[in-house]
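> I have a structure here, written as structure tokens, and I will follow up with some questions on it.
Each value in this text was obtained by applying a stated rule to the coordinates, not by laboratory testing. No experiment lies behind these values; they were computed from the predicted model shown. Cβ sites come from the backbone with ideal geometry, for glycine too, and all protein chains shown count toward neighbours.
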Amino acid sequence: MSAARNNDAMIGKSSPWATWLVGAVAFLWIIPIVGIIVTSIRPLNEISLGWWNVEQFTLTLDAWRTVWDKYPLAYAFWVSVKISVISTLIPMIFAPMAAYAFHFLQFRFRRVMLIIVINAFVLPSQVVVIPLFVLWRKLGLIDNIWAVIIPFAGMSFAWAVYLVKSYLDDFPRELIEAAQVDGCGPIARFFYIVLPNSLTPIAAVGILQFLWTWNGLLLPVVYLREELPLTALLARIQGVYDRNWDQVAVAAIVTTVVPLIIFIVFQRYFTAGASTRSGSKE
Amino acid sequence: MKSTRYRFAKTVLAGTVLSAAAGMANASALSGDLVMINWLGGAQGEMMQKLEDDFVAKNPDVNFRNIVPQATGDARGGIRQVILGGEQADLLINTWPAFRQELVDADLLLPVDDVWQENGLDEVLSGAWRDLSVIDGSNYGVTYTFGDRSGIWYRTDTLEKAGISAEPETWDEFKATFAPLLENDITPMSVPAKVWAHAEWFESLLIRVAGVETATKLANHEIPWTDDAVKTALRKWQELLQANCCDEPNTMLATDWDNSVDAALKTGDSAYVLMGMWLNTRANQEYGETPGEDYTIMQFPALGMGHDDTSMVDAKELNLLSTVKNKEAATAFMVYLLSADATAIMTEYGLASPSANADTSLYDPVIAKSVEEVSNAKSLQFVLGDLLPGDLGGEYRVQLQKFLQDPSDETIDAVTAALEKVAADAYP
Amino acid sequence: MAMSTSTDAGAADLPRVAQDPANARVSALLASAARRTPMGDTPAAWLLLLPLLLFFLVSVVYPLIETIRLSFYDIRGLGKPTYVGLQNYFKLFSDDNFTTAMIATVKWTLTSTFVSVAIGWMLAMLCSLSPGRTLPFRVMIFAAYGVSEAVSGFMWLGIYRPDVGLLNALLGSVGLDAWQNPWLGDPSTALWAVIAAYVWTQVGLPLMTCFASIQAIPKNLFEAAYVDGAKPYSMLRHIVMPLSLPGVRVAIFINLLSSLKAFDLIFILTSGGPVRSTETVGYFMYRESMQNFKLGYGAASTVILLLGVLLVSIPVIIKRTEAAR
């Protein structure tokens, strides 16, 4: 991997001790995740005393089979994909626009609006649920994925704008000014100068927003009926009176895998910037 | 004054199996959507699904739809969201009498007296079960399942190991079992005090110390929490704690009901656990144990204070919402849940039915025993924690945690005073 | 000299914009576009903000106004709301549970954010020493961030269990029996135990954002420093740490504000107990609005939380937005 080679040379030589240290931490870190996996493949009566308990040790795919048989996973997966992808693309496109406006343009109410937008991040979804529920009912949006996408996207701007704007702090203003001298208007400056140079924060917004919308539970459960995403469907596994943690673990694995893949794919953009840079150094 | 009657005088289950299908006469042309707010998950959710499927099989033109509210934590939160959001539904599954009262006060429930009459439910549910859901003289629900909450669960081999040959029946006998249990490294009582389950001991003690009337008055705040009845019940519990019944306070506070049940019914690290009938499903299906053989249930010990013929129960009912659109199908489903077919499905899942149509011979020994205890009790008390209005219910559990941390006379005074303070503000 | 596509390109890279043939073409195009539609900052800004505003009005402003309105009402369950003016607010300030919750919230947010960001930042710097080889480790640590709070809660429940918990078992196996503790039942340790579990879920974020920031540092800075004979430590101290600050800031911001909202983990691990020792304002809001369904009272506590955050964030945001343009 060329990025790796280039970067390993970053501080003169790569440091094996650092890799070992991070590796040790990482292995410590996944102990609970190993727990989830082990929980999903052992019978419930064995793991009720802890998944690490090896007095008896049986492997079984019962929980996986039960979850697969009982829940229409494929359709829910498709709904989840639709919801997450749309709710992720919206802030990926619009948050950089807003961040750019807040950061580089002069207009009235700039700060007031910025403060309001950013503070909205504290707003808990419990607060949003009931007023929007009433609104969606009036508009006939119940059981329509947009009932979930709109608030998912709307609430994401708070942190997404902050995130992109924070990276813009170190954006070379000269680049903007040069474009301005060339007669480039404020909107064109965004699309041709700022946007192509903001892939790192945009990738970060994408990863985080995808993860959060994918795992989002409250809004889908309340607003959707038949069009249920994976999390909402799997939340039903956990009963009020019984604790079938083996199936809950299966649900957790099924839902966590996708955001992880997204992370692995998108995180390349973090190193992409660096490799292009050293790559062009001929 | 609210004449809510949570208490009900007895002769519950002795009902005769008369005209079982009295209500099925009009099972002709039901159709359309039937919408139920259904928050049951896990095994009980499966059971309800099976009941719905069976109902639809019998009434193929009915389109049964569930509204599943958000279920994290207290299901009432999700149900209120659904209702406030203006969702139309016909039926609601309810297990909290205080919540039924709240719904009635907000004009969200319809009385079902007419359903009761048209379908001859008096024959199927004895008067005590009807009284359970009566508010201000009108009946607002049909109880479809109930459970003993004064039953103490234990593994038979645990008592054997400690050389205890007979179930302790009296308070002193019960306490006398602690010493041999402790000698065998067995904690006598597993009290999961993390969230709510520690209140079970207090509640059964309260009705056996002071009777069901007193508990009802307390629930309606007609007597203060500083009443002697409350303090006496806490002092009884203090006796148990002084006899080393339990783990360290902090261990109790760290233990949730499931781990506690593991300790009593799976590993045998502790002997007794006081909890509802859902343990039967857990022990039977999850631990793979045989009810009546590996584990069983005994009634709360007799205190000899004149109220030993009482029992704590819980129940689930169906309410008819005022947003009902398909009343025919809704009432038909209510009646169906009391039918022999429905009760047979419930029995499969280890639940007891109050219906006279239920075939009690299908019950496993543990359900049978608990049903018998409930039938033998002269008066029944609904779980107190579920009768208290919102804030008080939470405060009640927190104050009992404080009691467990330091079960002294001073704490008893402080805890009851603190509860009285919150209660003063909690009732409308 | 390198043309940078990074956000953090050095000033020295700039002249290339005009020289780069592609960019030159773009500039020419843009210039003609700009001549056709000369647009000032203000209309452009509003145009760029328009999508955000539309989403925002519906999903944030409207519910927010509703929340403020509700906070003036006394609502008990499904009963009819009665207007009570500021009474909910007066009640909040005399509610001991709310005061306790505020103190717990300060401990909770500050500790969890500081520890998560510190660990994440350090790991990010270590990872940047060999990004390729540490990718699997980054994925492993980030995985915890992808697990829902509820499921993490369940895993940590097993770790902290007093009877057969993993932590007590480990302590016992290394002879530290005296340290064994019912972690979640002891009011003096419960909050810290929940924080530790929360930190576990959160470190992935600062690791990701800080790592991204470090990767965006132009390589020539390191090369220049290396040529100058700088030691790895001093490069870390003088180049990596200051230049990864954007990632650190973002991580602090997101971790801080998410920790204010954290609920599921606390709910599963302790349900606010024992004796309310782990009840944060986020949990308080849940308990009042969802459990007790005193929507008005819960709304008032939300408004107070928002005001608190506003007070803290305004100076920060003002300071950071002085230099527009």
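> What is the spin-label model distance, in nm, from A:ASN144 to A:TRP78 if the labels are put 7 Å beyond Cα along the C-beta direction?
Label at A:ASN144, label at A:TRP78, 2.0 nm between them.
> Follow-up. How large is the convex hull of the Cα atoms of chain B per residue, expressed in Å³ as a whole number?
Cα convex hull per residue, to the nearest whole number: 127 Å³.
> Now a separate question. A:LYS82: which lysines have alpha carbons under 18 Å from its alpha carbon, excluding same-chain residues fewer than 8 sequence positions away?
Result set, ordered by chain and number: empty.
> Taking the beta-carbon count within 10 Å as an exposure proxy, list C:THR42, A:THR231, B:THR281 from fewest neighbours to most.
With the fewest neighbours first, C:THR42, A:THR231, B:THR281 line up as C:THR42, B:THR281, A:THR231.
> Send over the per residue convex hull volume for region C:151-291, Cα only, as a whole number of Å³.
Taking only Cα atoms, region C:151-291 has a hull volume of 149 Å³ per residue.
> A further question on this structure: Report ³J(HN,Hα) in whole Hz for each residue of region B:298-314, in order, from the Karplus equation J = 6.51 cos²θ - 1.76 cosθ + 1.60 where θ = phi - 60°; Gly and Pro get x.
Result, ordered by residue: 10, 6, 3, x, 7, 8, x, 10, x, 10, 7, 8, 10, 8, 8, 9, 10 Hz.
> Within chain B, what's the longest stretch lacking GluC sites (Glu not before Pro) that sit in DSSP loops with no more than 16 other Cβ atoms inside 10 Å?
B:1-168
> Sort B:LYS266, B:LYS58 so that the residue with the fewest other Cβ atoms within 10 Å of its own Cβ comes first and the one with the most comes last. Working shown, then result.
Details: B:LYS266 21, B:LYS58 15.
Fewest-to-most ranking of B:LYS266, B:LYS58: B:LYS58, B:LYS266.
> Using amide H atoms built 1.01 Å from N in the peptide plane, name the residues 5+ places from B:ILE152, or on other chains, whose amide H lies under 5 Å from its own.
Those qualifying (amide H under 5 Å, at least 5 residues apart or on another chain) are B:MET298, B:GLN299, B:PHE300.
> If the reach is capped at under 12 angstrom between alpha carbons, list the aspartates and glutamates near B:LYS175, excluding any in the same chain fewer than eight residues apart.
Here the aspartates and glutamates satisfying the reach criterion relative to B:LYS175 are B:GLU167, B:GLU239.
> Output wanted: per-residue J couplings in Hz (rounded whole) for region A:164-172, from phi through Karplus 6.51 cos²θ - 1.76 cosθ + 1.60, θ = phi - 60°, x for Gly and Pro.
My calculation for region A:164-172 gives 5, 4, 4, 6, 5, 3, 9, 6, x Hz in order.
> On the first, second and third principal axes, largest extent first, how far apart are the outermost C-alpha atoms of region A:71-277 in Å?
Result for region A:71-277: principal-axis Cα extents of 67, 43, 24 Å.
> Taking the Cα centroid of region B:174-226 and of region B:332-402, what is the distance between the two, rounded to the nearest whole Å?
19 Å
> Got a sec? How would B:TRP96, A:TRP78 order by Cβ neighbour count within 10 Å, fewest to most?
By the 10 Å Cβ count, ascending, the order reads A:TRP78, B:TRP96.
> Suppose R0 equals 25 Å; then what is the FRET efficiency for C:SER94 and A:ILE116 from their Cβ-Cβ distance, rounded to the nearest 0.05?
About 0.25, to the nearest 0.05.
> Can you give the FRET efficiency to the nearest 0.05 for B:THR156 and C:ALA178, using r as the Cβ-Cβ distance and R₀ = 30 Å?
Working: r = 36 Å, r/R0 = 1.22.
The pair B:THR156/C:ALA178 has a calculated efficiency of 0.25.
> A follow-up question, please. I'd like the distance between the alpha-carbon centres of region A:161-218 and region C:242-291, rounded to an integer number of Å.
Answer, in whole Å: 28.
> Give or take rounding to whole Å, what are the principal axis extents of the alpha carbon atoms in region B:73-171, in descending order?
The Cα atoms of region B:73-171 stretch 59, 37, 21 Å along their principal axes.
> Continuing with the same structure: Along each of the three principal axes of the Cα atoms of the protein assembly as shown, give the extent in whole Å, ordering the values from largest to smallest.
98, 66, 53
> Using 20 Å as the cut-off for backbone N distance, which residues of region B:300-324 belong to the label zone defined by a point 7 Å from the Cα of B:ASP228 along Cα→Cβ?
Answer for this model: B:303-308.
> Please report the relative contact order for chain C, taking Cα pairs under 8 Å with a sequence separation of at least 6, and give it as a percent rounded to a whole number. Kindly include the intermediate steps, with their values, before the conclusion.
Details: 359 pairs, mean separation 87.2, N = 325.
Here the relative contact order equals 27 percent.
> Next question, about the same structure. What does DSSP give for the protein assembly as shown in terms of the percent of beta bridges that are antiparallel, rounded to the nearest 5? Can you show the working numbers first?
Values: 26 of 42 bridges.
So the antiparallel bridges in the protein assembly as shown amount to around 60 percent.
> Where a Cα-Cα gap under 20 Å defines reach, which aspartates and glutamates qualify for C:LYS319, not counting those fewer than 8 residues away within the same chain?
Within the straight-line limit of under 20 Å, C:LYS319 reaches these aspartates and glutamates: A:ASP169, A:ASP170.
> Would you mind checking which residues have amide H under 5 Å from B:ILE67's amide H? H placed 1.01 Å from N; only 5 or more apart, or other chain.
Residues meeting the criterion, in which the H sits 1.01 Å from N, are B:MET36, B:ILE37, B:ASN38.
> Which number do you get for Rg(Cα) / (2.2 N^0.38 Å) in region B:308-428?
Rg over 2.2 N^0.38 Å, computed on Cα atoms: 1.47.
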